[in-house]
Amino acid sequence: MNYHYVNHEHRPVEVLVFSMDPGVVNEFIAVDHEVWTLGEAFTPGLDRIPFLSKEVWLDDSKPGEVTLIFVWENQELWDTVGNPQLQTTLQSMFDEKFPHPIELIAAHHEDSAFGIHRVSRFERTDPPANSFGETLSS
């Protein structure tokens, strides 16, 4: 069993929760990735992707609710991506590609005055197994 453990971090975390018609969730995820994830990942003027990870979570008990979790390298890079001009451009691109109603129902990082941060991480580094118990390779 292989794993990786990191402790004593202070990585800012962004948490966004959206609500939409359950029938458009997969389209939302695809357009979000195409516009927001890649648009922020390759922000002009940065020499690296400014966030360490982005995850999309769905809750089967709340159809149509999508939670996005970003772990940012640091607050300065997050602030750079938060540039109003970039955000306006990406929002226009997103609105053009995703014409469905969507509501931002929570921004937990804002509710906590940007105080949410990751302090440790434990990850299994072995490849996952498929439903037959066979190890999958990447």
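The values are calculated or read from the model by the stated rules, or taken from the named source; none is laboratory data. Given the structure is predicted, the values throughout are model-derived calculations rather than measurements. A quick note on method: Cβ atoms are made from the backbone with ideal geometry, for glycine too, and the neighbour counts reach across all protein chains shown.
Key figures for this structure:
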read-out	value
Cross-chain or 6+ apart pairs with Cβ under 7 Å, region 79-97 first and in contact (Cβ under 8 Å) with a residue 12 or more places away in the chain and under 26 Å from residue 11 (Cβ atoms), then assigned to a helix (DSSP H, G or I) and not hydroxyl-bearing (Ser, Thr, Tyr)	81/40; 90/35; 90/36; 90/39; 94/31; 94/35; 94/36
Selected residue [modelled with pLDDT under 95 and either touching an Asp or Glu at 6+ places or on another chain (Cβ under 9 Å) or more than 23 Å from residue 34 (Cβ to Cβ) (or both)] from 67, 125	125
Tabulated pairs, region 50-64, first closer than 11 Å to residue 15 by Cα, second of a type in the set (Phe, Trp, Tyr), C-beta under 9 angstrom, 6+ apart or interchain	54/36; 54/70; 55/70
Residue selected from region 55-75 under the condition in a strand (DSSP E or B) and closer than 14 Å to residue 28 by Cβ, by the criterion nearest to the chain's Cα centre (by Cα)	68
Residue list for region 76-108, filter: exposed (fewer than 14 other Cβ atoms within 10 Å of the Cβ) and assigned to a helix (DSSP H, G or I)	76, 79, 84, 85, 88, 89, 91, 92, 95, 96, 97
Residue list for region 1-54, restricted to those being out of contact with any Gly (no Cβ under 7 Å at 6 or more places or on another chain), over 25 Å from residue 112 (Cβ atoms), in a loop (DSSP other than H, G, I, E, B) and of a type outside the set (Phe, Trp, Tyr)	1, 2, 44, 45, 46, 47, 48
